[in-house]
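*Asks:* Here it is, the structure in full.
Where a number appears in this text, it was derived from the coordinates with a stated rule and is not lab data. It should be emphasised that the depicted structure is a prediction, and the values quoted were computed from it without experimental measurement. Because the Cβ atoms are built from the backbone with ideal geometry, glycine has one as well, and the counts that use them run over all protein chains shown.
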Amino acid sequence: MYHLLVVDDEEKIRTIIKKYAVFEGNTVTEAHDGMEAVEICRENPNEFDLIIMDVMMPELDGFSAVREIRKISSVPVLMLSARGEEYDRIHGFEIGIDDYVVKPFSPKELMMRVNAIIKRSSQGKKAADTTASFEGLRIDFSARIVEVDGVRVDLSPKEYDLLYYMVLNKNIALTREQLINNIWGYDFYGDDRTLDTHIKLLRKSLGPYSKFIVTLRGVGYRFEA
């Protein structure tokens with residue numbers, strides 16, 4: 001079904017994830033630290049459908065490993081961490097991860113998130129060969145490229161997915177639940193800071209054109225153009 005790279009210095013964690021992943025028909029490759037993960041990705045840049053990456057590891061931590069992997073691959077990354085502080089979550093999203101799961105976690109929920117991320121990623125690759133422009137904001141859907149006043153901006157996969165979905169539904173009020181279900185593709189557990197964090201980062205990336213993303217207090221957001 002899918003080929004996953006599981007990166008964690010704890011063998012017990014790798015074993016649990018592999019057990020559930022293989023049960024669903026997936027293939028799993030293991031790495032015991034960030035350095036090994038980077039080396040595996042350099043040798044096989046297009047091999048994996050998703051990487052599950054721990055944060056705290058010897059040799060090379062998860063954040064540093066993702067930064068290195070992003071130089072050669074846009075493979076989706078789900079980050080695992082015992083730390084759930086907002087700073088760590090934001091830092092992860094800024095360097096291009098797709099989801100952030102705090103330990104301890106439910107293996108079944110983890111696999112739901114994995115499947116949802118891969119599904120969204122596959123849909124993004126099939127985006128129509130069109131572009132959209134709103135003043136100095138230009139979006140190339142086929143190449144997943146966003147430009148602000150002629151300068152390309154680097155969005156994380158989820159930032160782009162949010163922008164893409166809102167542009168496709170421009171001038172339509174989108175509830176928080178709609179955005180979460182369509183971008184993350186799973187029943188959302190816990191608080192909804194993940195959505196707010198991505199909106200905040202997306203607005204920062206769009207600069208003066210963040211004005212197009214309008215907050216609907218008590219409802220959600222709307223791309224108004």
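*Asks:* Using the alpha-carbon atoms, what tilt in degrees (0 to 90, nearest 10) does helix 107-125 show relative to the longest principal axis of the chain?
*Replies:* The two axes meet at around 50 degrees.
*Asks:* Evaluate the distance, in nm, between pseudo-label points positioned 7 Å from the Cα of GLU59 and of ASP154 along their respective Cα→Cβ axes.
*Replies:* 2.4
*Asks:* While we're here: In segment 89-176, which GluC sites (Glu not before Pro) are in a loop and have at most 15 other Cβ atoms within 10 Å, using DSSP for the loop call?
*Replies:* Passing both the DSSP loop test and the Cβ count: GLU135.
*Asks:* Of LYS19/LYS200; LYS170/LYS204; LYS12/LYS103; LYS103/LYS211; LYS158/LYS204, which sit over 25 Å apart, Cα to Cα?
*Replies:* As for pairs spanning more than 25 Å Cα to Cα, those are LYS19/LYS200; LYS103/LYS211.
*Asks:* To continue, here is another question. Figure the gain on full extension for TYR2 and GLU94 (residue separation times 0.36 nm, minus the Cα-Cα span) and round it to one decimal in nm. Numbers along the way, then the final one.
*Replies:* Numbers: separation 92, 0.36 × 92 = 33.12 nm, distance 2.56 nm.
The TYR2-GLU94 span can extend by a further 30.6 nm.
*Asks:* Compute the normalised compactness of segment 17-56: alpha-carbon radius of gyration over 2.2 N^0.38 Å, N being the residue count.
*Replies:* Compared with the compact-globule rule of thumb, segment 17-56 sits at 1.20.
*Asks:* Here is a further query. Among bridges DSSP assigns within the chain, what percent are antiparallel (round to 5)?
*Replies:* For the chain, the DSSP antiparallel bridge percentage is about 50.
*Asks:* Could you work out how far the C-alpha centroid of segment 53-124 sits from that of segment 5-48, in angstrom?
*Replies:* When both Cα centres are located, 13 Å separates them.
*Asks:* At a Förster radius of 35 Å, what calculated FRET efficiency corresponds to the Cβ-Cβ distance of ALA173 and LYS19, to the nearest 0.05?
*Replies:* Taking R0 as 35 Å, the efficiency between ALA173 and LYS19 is 0.25.
*Asks:* Let me ask you something else. May I ask you to work out the translational diffusion coefficient for the chain at 25 °C, viscosity 0.890 mPa s, via Stokes-Einstein with Rh from the Kirkwood sum over Cα pairs, reported in whole µm²/s?
*Replies:* Estimated via Stokes-Einstein, D reaches 136 µm²/s.
*Asks:* Compute the angle between helix 34-43 and the longest alpha-carbon principal axis of the chain, please, reported from 0 to 90 degrees and rounded to the nearest 10.
*Replies:* Between helix and principal axis, roughly 80 degrees.
*Asks:* Quick one: if the Förster radius is 22 Å, what FRET efficiency do GLU43 and GLU11 give, using the C-beta to C-beta distance and rounding to 0.05?
*Replies:* Efficiency, rounded to the nearest 0.05: 0.50.
*Asks:* What does the charge count near ARG138 come to, summing +1 for each Lys or Arg and -1 for each Asp or Glu among other residues with Cβ under 11 Å from its Cβ?
*Replies:* -3
*Asks:* Still on this structure, please answer the following. Positive end of the charge dipole of the chain (Lys, Arg +1 and Asp, Glu -1 on Cβ, about the Cα centre): tell me which of VAL151, SER133, VAL28 has its Cα farthest that way.
*Replies:* SER133
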